[in-house]
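Beneath this line is the structure, given in structure tokens, with notes to follow.
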Amino acid sequence: MMRVEKSDRVMSLPLLRCPFLRLVLSGIIAITAIGCAKKKETALVIETAPVERRSIVLSAQANGVVEPVTVIEVKSRASGQITNMPVDVGSVVKRGDLLVQIDARDVQSRYNQAAAELNSSTVARTVALSQRNRSRDLYQQKIITEQEMEAATLGFANADAAVVRARAALDIARQQLQDATITAPTAGTVIERPVSEGTVITSATSSASGGTTILKMADLSKVRMRAMVNETDIGNVLPGQMATVTVDAFPNRRFQGVVEKVEPQAVVLQSVTMFPVLVSLTNLDGALKPGMNGEVVMEVVRRDNVLAIPSEAVRTMRDAATVAPALGLNPDSIQGALRASFASRRGESAGGRVASGDTAAGARRRRRAAGDSAGAGAGAGNPAVRRFAAGGNLGGAAGQTASALPAASQGGGGAAGQGPGGSGGRGGGMQIAFVKKEDKYAPRPIRTGISDFEYTEVMSGLELGEQVALVGVAVLQAQRDALQARIGAARNTGLQQTTPPAAGAAGGGGGGRGPGR
């Protein structure tokens, strides 16, 4: 016996040198290691959540810039050099406060001259009036001729006209003198000051260029955000909707606003069509500054006090088959029961369809459409989900629907076909939830309403207080197991493909050596 064992040990050494046997041995060791690793993994824990009443808000998001509601460009009606400018950028002024003082020596001289001419013309009018009165008395006494009387009357009329002209000239000179002192037309904040003391400016009334802009000011107690909304969302945005604004300068503060206007002219930014939406904001403390970047969330639809479950608990039929093993359920039996439940809920049966004049093939197509799903997002086989994906999407700049996202990234699966840039979607499709009773789980068809990324409205199928399974982690685990299974299958296939040539070579070699011995 000892001699035989020694002979076997000696004969096994050449076999271990064979490449094919070494490859097979390595594959067996790897498969054994994977099996051992799976045995060491901990059991998957399925969390549950109750069906409760919540408020669900469906909103559209967009980026924007804060801007003043009205910007006033302050210009001067007088030309000259600036001698005093007591305000600067950021100065808060009231109506009537001094903004700019222009050199007024020329206009002051003209004003003094006009005042002197008015005094002279007033005295001349008084003398002409006395002369006319005396001429009237003398004419009545027939001491002077009618021609002399007419000359006196004409002299008084000219003196009276001179007074009017002098008074008008004085008013113009006074206005020009006042124009040299520029005051605030309204209360506000100086946001731009392109000139400074010593600058010679031109008049806005006499210059062909429109005059020099002295400064710009705006009332910052009321501002607005100009948000660029994607064209896929603009149909859901209407004036009067509530909006919440967050700026980068105050990430933890929320500013409440109202959609003021949706501008009709589109703007194309980086090949994406956008529409400007103006959201008015109250800014009494002056925290919002013009030019601040931020995000605006516009409330599109709101449902208060509705039954809701976490979106992670809402799944499609395909997800139900995938996650069934993690819940201890049979995927085939689940799909059969759900198909029957969907058919009963929709009133669709094959016999009824055929009896009403439909064909058997058409009934089978409808049953398949009722039973299939489109993964975690908008369903390709479920008509209700497909209708939502076409019309209820509130996606971002790319306008994508949830069908383009993996199930795990959505958190809620096919509940409402969310888009990556929106905040949920309009539901209305038939979905599935796993209800926990004692220690067992049972699939339950439900009809969903609107959904945000966290919660989904349940319109029918569940009752208040029932516990539903949060199967998002289970879906990830199932997808990982499926991926590992595919990798293992691919490795086994590779090993099987390399086996025949190696075996043939070994057999041929052995056969060749046989006759030689």
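The values are calculated or read from the model by the stated rules, or taken from the named source; none is laboratory data. The shown structure was predicted, so the numbers you read here are calculated from the model rather than taken from an experiment. Here the Cβ positions follow ideal geometry from the backbone for every residue, glycine too, while neighbour counts run over all protein chains shown. The protein model used for the area step is the full one, side chains on, heavy atoms only, and it has no ligands, DNA or RNA in it. Shrake-Rupley method; radii C 1.70, N 1.55, O 1.52, S 1.80 Å.
Listed cross-link partners Lys75/Lys216; Lys94/Lys222; Lys94/Lys216; Lys75/Lys222; Lys75/Lys289 are compared with a 18 Å cut-off, the Cα-Cα value being larger for Lys75/Lys222; Lys75/Lys289.
Legend: calculated FRET efficiency, Val89 to Ala116, from the Cβ-Cβ distance at R0 = 45 Å, rounded to 0.05, equals 0.55. Just to confirm my numbers, what's the Cα centroid distance between segment 195-227 and segment 94-141 in Å? Computed from Cα coordinates, the inter-centre distance equals 36 Å. Each of Ala162, Ala151, Ser135 was placed along the dipole of segment 129-174 (beta-carbon charges, centred on the mean Cα), and the one lying farthest toward the positive end is Ala162. With the highest mean first, a sort of the peptides 109-121, 297-309 on other beta-carbon atoms found within 10 angstrom per residue produces 297-309, 109-121.
Within the shell of other residues whose beta carbon sits under 14 angstrom from the beta carbon of Leu99, the net charge comes to 0, with Lys and Arg scored +1 and Asp and Glu -1. Sequentially through segment 224-238, phi angles give Karplus couplings (6.51, -1.76, 1.60; θ = phi - 60°) of 9, 10, 8, 9, 9, 9, 4, 5, 6, 9, 5, x, 9, 9, 10 Hz, Gly and Pro residues having no value and appearing as x. The alpha carbons of segment 143-224 stretch over 81, 29, 21 Å along the principal axes, in descending order. Dividing the convex hull volume of the alpha-carbon atoms in segment 101-182 by its residue count gives 58 Å³ per residue.
Straight-line cross-link reach from Lys436 at under 18 Å between alpha-carbon atoms covers these aspartates and glutamates, not counting any fewer than eight positions away in the same chain: Glu47, Glu52, Glu312, Asp319, Glu463, Glu466. Residue ranges 90-97, 208-215 sort as 208-215, 90-97 when ordered by packing (mean number of other C-beta atoms within 10 Å per residue, highest first). Sorted on the mean count of surrounding Cβ atoms within 10 Å across their residues, most packed first, peptides 236-248, 452-464, 126-138 read 452-464, 236-248, 126-138.
Summing +1 for each Lys or Arg and -1 for each Asp or Glu among the other residues whose beta-carbon sits under 11 angstrom from that of Glu117 gives +3.
Computed over protein heavy atoms with a 1.4 Å probe, the accessible surface of segment 186-301 works out to 50 Å² per residue. Charge tally for Val89 (other residues, Cβ to Cβ under 11 Å; Lys, Arg +1; Asp, Glu -1): 0.
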